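A.B. asks: My structure is below; once you've seen it, I'll send some questions.
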């Protein structure tokens, strides 16, 4: 009955590699998000998609490329990983609308060696 | 640019105490404010959402208030329990722009309730 699920939960890889994180929601929401939580625990928006269309891109390096094959999925592909990419990445979803709460996944902890 | 600050950064209390967590934001143009709980190694669980036109919301032992004009919100936890130990985050949804809006988060308050 998981609402927002991310895979993998942990990802350890070498600098320079390319990796993907997958996110799926079964809440019937039409909007999905990626957030990054850095070592100081600050959560910051990266991307927002509505009905498979990119709505928000918060000046994220173009090494990060989100892809939304359908409303229920928003995957994050990262090219040429750098040490500074180490963080916890959270996927979230909501219905569109000003006062719709966002529901978060459990996060993917990415560690770059 | 919206900034969200939470005070205190950490709080340790004995079981049974009532406590207050504070959140302030610099731009009062918001749609809503949301309080979340984050357990170690877990995602965020939404606790309460207060719309900009509302003054407070209650859920069980939790009560959140919002004073939009002064840029403040408080989360009141009554009769705290060890199971309440977690990081509490507040986030605001800026008004304007699209309705698929981002949340701007505070840094969180780490709460420890000891038996």
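A.B. asks: Say R0 is 41 Å: what FRET efficiency, to the nearest 0.05, do residue B:95 and residue A:13 get from their beta-carbon distance?
C.D. replies: So the FRET efficiency works out to roughly 0.55.
A.B. asks: Spin-label point model (7 Å from Cα, Cβ direction): what's the residue B:5 to residue A:51 distance in nm?
C.D. replies: Between residue B:5 and residue A:51, the simple spin-label model gives 4.1 nm.
A.B. asks: Follow-up. Quick check for you: which residues of the stretch B:1-39 have the amide N under 14 Å from the point 7 Å beyond the Cα of residue B:72 toward its beta carbon?
C.D. replies: Zone members listed by number: B:5-8, B:20-26.
A.B. asks: Still on this structure, I have one more. From the alpha carbon gyration tensor of chain A, can you work out the equivalent ellipsoid semi-axes (sqrt of 5 times each eigenvalue) and give them in Å, largest to smallest?
C.D. replies: The answer is 23, 14, 13 Å, longest axis first.
A.B. asks: Still on this structure, please answer the following. What do you get for Rg/Rh over the stretch A:18-61 if you use C-alpha atoms and the Kirkwood form of Rh?
C.D. replies: My calculation puts Rg/Rh at 0.99.
A.B. asks: If you don't mind, another one. What is the mean number of Cβ atoms from other protein chains located within 10 Å of the Cβ atom of each residue in peptide B:34-42, rounded to a whole number?
C.D. replies: 3
A.B. asks: I'd like the per residue volume of the convex hull spanned by the Cα atoms of the protein assembly as shown, given in cubic angstrom.
C.D. replies: That works out to 122 Å³ per residue.
A.B. asks: Another question, then. How big is the gap, in Å, between the Cα center of the stretch B:1-60 and the Cα center of the stretch A:58-86?
C.D. replies: What the calculation gives is 28 Å, centre to centre.
A.B. asks: Stokes-Einstein at 10 °C, 1.306 mPa s, Kirkwood radius from Cα pairs: D for chain B in µm² s⁻¹?
C.D. replies: Estimated via Stokes-Einstein, D reaches 112 µm²/s.
A.B. asks: Could you order peptides B:11-17, B:105-111, A:89-95, A:73-79 by the average number of other Cβ atoms within 10 Å of their residues, highest first?
C.D. replies: Per-residue Cβ counts within 10 Å, averaged per peptide and sorted highest first, yield A:89-95, B:105-111, A:73-79, B:11-17.
A.B. asks: In the stretch A:59-93, which residues have a backbone nitrogen under 18 Å from the label point lying 7 Å from residue B:27's Cα in the Cα-to-Cβ direction?
C.D. replies: The answer is A:59-60, whose backbone nitrogens lie closer than 18 Å to the label point.
Each value in this text was obtained by applying a stated rule to the coordinates, not by laboratory testing. Note that the structure is predicted; figures quoted are calculated from it, not measured. Positions of Cβ are backbone-derived with ideal geometry, glycine not excepted, and every protein chain shown enters the neighbour counts.
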